[in-house]
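The values are calculated or read from the model by the stated rules, or taken from the named source; none is laboratory data. Predicted model only: the values in this text are computed from it and were never measured. Cβ placement follows ideal geometry from the backbone for every residue including glycine, while neighbour counts extend to all protein chains displayed.
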């Protein structure tokens with residue numbers, strides 16, 4: 001089982017780094033981070049919500065950009081490398097505007 005604290009304070013200490021699934025995602029993100037030929041990484045829509053939270057937390061701690069796209073069974077995590085000068089972790093094409101429903105939609109699920 002993947003140990004998580006609240007989503008807002010998701011850190012390495014909140015993740016069970018001895019869990020084989022967490023280590024698998026960590027390894028995949030480290031390999032992606034070091035691959036100069038790959039700019040984005042998309043995880044499959046079959047990833048359970050708890051695993052998406054782990055991927056988001058790991059990506060954040062590694063300084064990688066991360067966003068979930070899609071709804072329901074088609075929701076998937078996309079990871080991207082931050083460009084120089086883009087320290088906020090947002091995709092260059094991702095809007096930073098606030099939508100009235102963002103509070104509901106922003107929950108990592």
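Some observations on this one:
- Test: residue in the range 92-106 that is modelled with pLDDT of 50 or more and under 10 Å from the mean Cα position of the chain (by Cα): no
- Scanning the range 16-38 for residues that are out of contact with any strand residue (DSSP E or B) (no Cβ under 8 Å at 6 or more places or on another chain), surrounded by 13 or more Cβ atoms within 10 Å (Cβ to Cβ) and free of Cβ contacts under 8 Å to residues at least 24 places away in the same chain returns 16, 19, 23, 38.
- Test for residue 41: is it outside any loop (DSSP other than H, G, I, E, B) and either at pLDDT 95 or above or surrounded by 15 or more Cβ atoms within 10 Å (Cβ to Cβ) (or both): yes
- Considering each residue of the range 53-71 in turn, at least one proves to be in a loop (DSSP other than H, G, I, E, B), touching a strand residue (DSSP E or B) at 6+ places or on another chain (Cβ under 7 Å) and at pLDDT below 95.
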